[in-house]
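Below: one structure, written as structure tokens.
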Amino acid sequence: MRHLVWFRADLRVTDNPALYEATAGGAEVEAIYIDSPGQWQQHGRAPIQRDFLSRNLQALNEQLAHLGISLTVLTVDRFAEVPALLAEWLEERQFDALYANRELGIDERRRDKAVQQALTIPCRVYNGDCVVDHGSLTTRSGDMYKVFTPFAKSWLARVRASGYRFLPVPAAQGEPQSCTPLGLSGERISSEEWPAGEAAAAERLAQFCQSSLRDYGEQRDFPAENGTSSLSPYLALGVLSPNQCLAAMEYELEQLPFSRGEPGFVWLNELIWREFYRHLLVAFPRLSMERAFKPDTEALQWSRDDQGFRAWCEGQTGYPIVDAAMRCLAQTGWMHNRLRMIVASFLTKDLHIDWRRGEAWFMSTLIDGELAANNGGWQWAAGTGADAAPYFRVFNPSTQGERFDTNGDFIRRWVPELAGVPAKVIHAPHDWLDTHHPGHGYPKPIVDHARARLHAIAMFDALKDREPV
Ligand SMILES: Cc1cc2nc3c(=O)[nH]c(=O)nc-3n(C[C@H](O)[C@H](O)[C@H](O)COP(=O)(O)OP(=O)(O)OC[C@H]3O[C@@H](n4cnc5c(N)ncnc54)[C@H](O)[C@@H]3O)c2cc1C
């Protein structure tokens, strides 16, 4: 028997169901990765993530070679070309079955359906990206949850009752092989700040669990601190699985924290948010098609303010916490969760710009860009999503800055014009700058927050007067 494993967003050998099952019965196993640079571009994904993908692919190549499995990278421009390519590849090499872990976006699901139709051999598809499989948690009426809290309750009950899977690295299939270096073509920005490979991810996970897991609830909201795990780039490409996160937590705490208030629960809850958005993406394909979760919010009258959008992208809004966050994103490809919420609220509720433009900008710059969480986060902030922030709750960027970067340490790191501004005025620095550093070059606020807030509320109030769609 000959089995082919098709790696996609699951670049690891540990806890990889497709790889594990393909190797289980003693079959001869080979692996492929299909690069589709045109599709990558169409999905608007970031050059820094492409570089990280390329480096992680090489790390996977080395690990597979160690297990005696060869990895080949094939290239097509678009997903549409994949079925024919695979059919030919499989037939030429006489494989008996194809193994893969499921991907969730609508384009990926359509591609996989077309592949299944084009092949004459069995395609075995597994859940490799969630602790609890998509579609298996439903309300009493059999629908997907639309609100997070009951979803989380149900998720916790399931894991408490049934535990979670953790598959080991498969046994070696033969002698270690030599492997030739792999690299992806196309535009790339260096991701060297992030060590590649699942050993690096596992080390970061272990370190986080030892040093920060217990205090995560208290530390996670302060961008100047190292209070969160920074594991999102690894989870996004599947270099790390969520089951591995659970296993590391359990090892550190001796048991999983199933109840609010237990140490580590807040971090577990974030992993459940990750799964909530993934389950939603499967249940509501419109989320993959740039559509709002709440259909009535499609009628919101967003502003086409290109100048405001540019100022936001470049960190030139005159709101220090927003500017620091956006400049950090531009320079590093990563942003702290509290800041993602602040800048997303600012774009949609202060500048009244369509959340889709922010979502696309994030996707094109983030090293951890990932459709489910990105779409979920943006629709949450904009008030158009499942269990979104209530529309009248508009973050005040100055008070958010005061609460979560009180001394301005994060701001000073990213906005050099504000380096000498004292803490007590750092969140509204203009008068101080005008007095002490005329000609400082830091922009005046591009909007008046109080007025912008009222306008945002009025935009949503206007929806109530419309006929239901
Ligand atoms: C507007 C907006 C856009 C976002 N875009 C993305 C994105 O493209 N990719 C992405 O991975 N996350 C995204 N998030 C979620 C979150 O901001 C990041 O996952 C988190 O900042 C990553 O840092 P960390 O690994 O240190 O997370 P930790 O706080 O250590 O959390 C552990 C893991 O849980 C998951 N997670 C944490 N918070 C969330 C959340 N709110 N929603 C979904 N999953 C979560 C991530 O996989 C994360 O790595 C977005 C949030 C917002 C508000």
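Brief remarks follow.
- The sole residue among ALA381, ALA324 that is away from the ligand (no atom under 11 Å from the Cβ), among the aliphatic types (A, V, I, L, M) and in contact with a helix residue (DSSP H, G or I) (Cβ under 9 Å, 6 or more places away or on another chain) is ALA324.
- Set ALA428, ALA458, ALA452, ALA381: member being within 24 Å of GLN307 (Cα to Cα), open to solvent by 60 Å² or more (accessible area, probe 1.4 Å) and of a type outside the set (Lys, Arg): ALA428
- Members of the stretch 23-62 found to be assigned to a helix (DSSP H, G or I) and in contact with a Lys or Arg (Cβ under 8 Å, 6 or more places away or on another chain), listed by number: GLY38, GLN39, TRP40, GLN42, PRO47, ILE48, ARG50, ASP51, SER54, LEU60
- Qualifying residue in the stretch 402-418 (condition: touching a Phe, Trp or Tyr at 6+ places or on another chain (Cβ under 9 Å) and small (Gly, Ala, Ser)): no
- Residue check, ARG304 near the ligand (Cβ under 9 Å from one of its atoms), open to solvent by 10 Å² or more (accessible area, probe 1.4 Å) and within 21 Å of TYR391 (Cα to Cα): no
- Residues of the stretch 165-187 satisfying the condition of being in contact with a Pro (Cβ under 8 Å, 6 or more places away or on another chain) and not basic (Lys, Arg): LEU167, LEU184, SER185, GLY186, GLU187
- So SER259, is it touching a Leu at 6+ places or on another chain (Cβ under 9 Å), open to solvent by 20 Å² or more (accessible area, probe 1.4 Å), within 11 Å of the ligand (Cβ to nearest atom) and closer than 25 Å to LEU137 by Cα: no
- Some residue of the stretch 355-365 being more than 10 Å from the ligand (Cβ to nearest atom), over 27 Å from TRP194 (Cβ atoms) and out of contact with any strand residue (DSSP E or B) (no Cβ under 8 Å at 6 or more places or on another chain): yes
- Total residues in the stretch 383-416, condition in contact (Cβ under 8 Å) with a residue 60 or more places away in the chain, over 20 Å from ALA330 (Cα atoms) and among the aliphatic types (A, V, I, L, M): 3
To keep it simple, each residue is scored yes or no on (1) open to solvent by less than 20 Å² (accessible area, probe 1.4 Å); (2) within 18 Å of ALA382 (Cα to Cα).
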residue	(1), (2)
GLU290	no, yes
THR297	yes, yes
LEU300	yes, yes
GLY308	yes, yes
CYS313	yes, yes
GLY318	yes, no
CYS328	yes, no
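- Filtering GLU81, GLU91 for residues that are at pLDDT below 95 and either farther than 24 Å from ALA24 by Cβ or surrounded by fewer than 16 Cβ atoms within 10 Å (Cβ to Cβ) (or both) leaves a single hit, GLU91.
- Among the residues here, GLU88 qualifies as closer than 24 Å to GLY183 by Cα and not aliphatic (A, V, I, L, M).
Residue-wise test of (1) free of Cβ contacts under 8 Å to residues at least 40 places away in the same chain; (2) away from the ligand (no atom under 15 Å from the Cβ).
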{"residue": "GLU203", "(1), (2)": "yes, no"}
{"residue": "SER212", "(1), (2)": "yes, no"}
{"residue": "GLY217", "(1), (2)": "no, no"}
{"residue": "LEU237", "(1), (2)": "no, no"}
{"residue": "LEU253", "(1), (2)": "no, yes"}
{"residue": "PHE265", "(1), (2)": "no, no"}
{"residue": "ASN269", "(1), (2)": "no, no"}
{"residue": "TYR277", "(1), (2)": "no, no"}
{"residue": "PRO285", "(1), (2)": "no, yes"}
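- Unique match (being within 14 Å of the ligand (Cβ to nearest atom) and within 28 Å of ALA299 (Cβ to Cβ)) among ASP387, ASP368: ASP387
The values are calculated or read from the model by the stated rules, or taken from the named source; none is laboratory data. What you are looking at is a predicted structure, and each value in this text was computed from that prediction instead of being measured. In this analysis, Cβ positions are derived from the backbone assuming ideal geometry, glycine residues included, and neighbour counts consider all displayed protein chains. Each accessible area value is taken on the protein alone, full model and side chains, heavy atoms only, with ligands, DNA and RNA left out. Shrake-Rupley method; radii C 1.70, N 1.55, O 1.52, S 1.80 Å.
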